[in-house]
Amino acid sequence: MIRILAIESSCDDTSAAVLEDDFLLSNLIAGQDVHRMYGGVVPELASRAHMQNIVPVVDSALKQAGVRKEELHAVAFTRGPGLLGSLLVGVSFAKAFSAALGIPMVEVNHLEAHVLSHFLRTSQYRHAPRFPFLCLLVSGGHTQILKIESPSRFRILGSTLDDAAGECIDKAAKIMGLPYPGGPVIDRLAKEGDPEAFKIARPRIAGLDYSFSGLKTSFLYLVRDRLAADPGFIEKNLNNLCASVQKALVDSLMEKLVKSSLQTGIKQVAIAGGVSANSLLRKEMEAGQEKYGWEAFIPPFSFTTDNAAMVGIAGLFKFRNGDFCDLSVVPYARAKGQRQAIP
């Protein structure tokens, strides 16, 4: 039996989790509402909040799990990618925790953790894919189609050439004057709108790569031109605008995911990352089971956001392989490589 404390601090959420093998005992997250007034995450404010939150969050995670720190076998932490100042808080805490208890450290790639969250087990959830499987990793900072050959072998089949899907939807929300983060707001308003109300250009990129800059520009020009004729255009058409831009984005995501499944012959297909919480994307994934014969893997909402549970399961796989790091480890802000395996 392996007990792991996991720490996630890559952006603006401070999270700690405790796992007993692959079973999740606790998973706590402290958010940071201060960023809403700025329309995005302010790195300096985020790192300061992490310093305030990390000790009480870890303490609460251990208490909720009913595990004493002396019963832990390792501490896993997000090394990157992410905001450097935020990552530094989590990495530094992990070093001190490891040194004080004499237990090993396991560094985890944040993107890898999102994908491996499908292997978490709770009292209500256990639906893990078999290797190899495809995963659409889609978030505010990354959009990739991955072939997952093993817990340590991720092959990038396609990636965005510019904006990530989550970044694109947040920018669309900003164009309409909606609050940050815009993705959940657009998702909610789109349910009352007509997705065919407005024509928004879909990207046409060869292969399995993505591009969302053209979609974003098309939406910007649509809103700009209509506002010039009618200053009340956004207010009168808000639900339809949200539904139209969301459909354009999800159509683009699904087109390449379907193509990757046809090319590889793999029908175990998963989604992961923050945008995997989008209701239309989840609906299309479910429909793919009948349309394409997929076995679809859709994470619980609690595992779509940045959380330490996913860091813990990724750390467990590394622990079992004896893949540890030492006190010389430093965080990194950007992912290593673009076309090869991650990390």
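Could you work out which residue, out of 282, 226, 130, moves most in a Gaussian network model of the chain, that is, has the largest mean-square fluctuation with Cα springs under 10 Å?
So, out of 282, 226, 130, the one fluctuating most is 226.
Could you point to the residue in 124, 201, 217 farthest towards the positive end of the chain's charge dipole, with +1 and -1 charges on the Cβ of Lys/Arg and Asp/Glu respectively?
Of 124, 201, 217, it is 201.
Say R0 is 30 Å: what FRET efficiency, to the nearest 0.05, do residue 153 and residue 220 get from their beta-carbon distance?
Computed FRET efficiency for residue 153 and residue 220 comes out at 0.15.
For residue 216, give me every one of the aspartates and glutamates with a C-alpha distance below 12 angstrom, ignoring sequence neighbours fewer than eight places off in its own chain.
Excluding near neighbours in sequence, the set is 162, 163, 167, 170.
Running a GNM on the chain with Cα contacts under 10 Å, which residue among 52, 144, 246 ends up with the highest mean-square fluctuation?
52
In the stretch 138-228, what percent of the accessible surface is made up of carbon and sulfur (1.4 Å probe, ligands and nucleic acids excluded)?
The C+S portion of the solvent-accessible surface of the stretch 138-228 is 52 percent.
Over the chain, give the accessible area per residue in Å² for a 1.4 Å probe, as an integer.
Accessible area per residue, the chain: 43 Å².
Could you tell me the relative contact order of the stretch 241-343? Use alpha-carbon pairs under 8 Å, at least six residues apart, and round to a whole percent.
21
Of all DSSP beta bridges located in the chain, what percent are antiparallel, nearest 5?
Just about 60 percent of them are antiparallel.
Among all the aspartates and glutamates, which ones have a C-alpha under 16 Å from residue 147's C-alpha, if same-chain residues fewer than 8 places away are not counted?
Correct list for residue 147: 112, 209, 295.
Where a ≥ b ≥ c are the square roots of the eigenvalues of the C-alpha gyration tensor, would you call the stretch 1-149 rounded, which needs a/c under 1.5, or, failing that, prolate if a/b is larger than b/c, or oblate?
Because a/c hits 1.5 or more and a/b fails to exceed b/c, the stretch 1-149 counts as oblate.
Using the alpha-carbon centroid of each, what span in Å lies between the stretch 175-221 and the stretch 56-78?
Cα centroid to Cα centroid, the span is 40 Å.
Could you tell me the calculated FRET efficiency between residue 197 and residue 302, based on Cβ-Cβ distance and R0 = 35 angstrom, to the nearest 0.05?
Taking R0 as 35 Å, the efficiency between residue 197 and residue 302 is 0.60.
What distance in nm separates the two pseudo spin-label positions at residue 174 and residue 126, each 7 Å out from Cα along the beta-carbon direction?
Each label point lies 7 Å from its Cα, and together they span 4.4 nm.
Taking 7 Å along the Cα-to-C-beta vector as the label spot, tell me the residue 328-residue 291 distance in nanometres, rounded to one decimal.
In this crude spin-label approximation the distance works out to 5.0 nm.
Compute the Cα gyration tensor for the stretch 245-343, then decide on rounded, prolate or oblate, letting a ≥ b ≥ c be the square roots of its eigenvalues: rounded whenever a/c is under 1.5, prolate when a/b is larger than b/c in the other cases, and oblate in all that remain.
Since a/c reaches 1.5 and a/b is larger than b/c, the shape of the stretch 245-343 is classed as prolate.
Pairing the Cα long axis of helix 84-101 with the longest principal axis of the chain, what angle in degrees results, from 0 to 90 and rounded to the nearest 10?
20
Can you tell me, using C-alpha contacts under 8 Å and at least 6 residues apart, the relative contact order of the stretch 103-166 as a whole percent?
Relative contact order of the stretch 103-166: 24 percent.
Which of the listed residues, 98, 14, 164, is farthest toward the dipole's positive end in the chain, when Lys, Arg count +1 and Asp, Glu count -1 at the beta-carbon?
Of 98, 14, 164, it is 164.
Distance in nm between label sites at residue 204 and residue 230, each 7 Å beyond Cα in the beta-carbon direction?
2.9
Below 8 Å, C-alpha to C-alpha, sequence gap of six or more: please give me the relative contact order for the chain in percent.
24
The values are calculated or read from the model by the stated rules, or taken from the named source; none is laboratory data. Values in this document were obtained by computation on a predicted structure and should not be read as measured data. No Cβ is skipped: glycine too gets one built from the backbone with ideal geometry, and neighbour counts run over all protein chains shown. The protein model used for the area step is the full one, side chains on, heavy atoms only, and it has no ligands, DNA or RNA in it. Shrake-Rupley method; radii C 1.70, N 1.55, O 1.52, S 1.80 Å.
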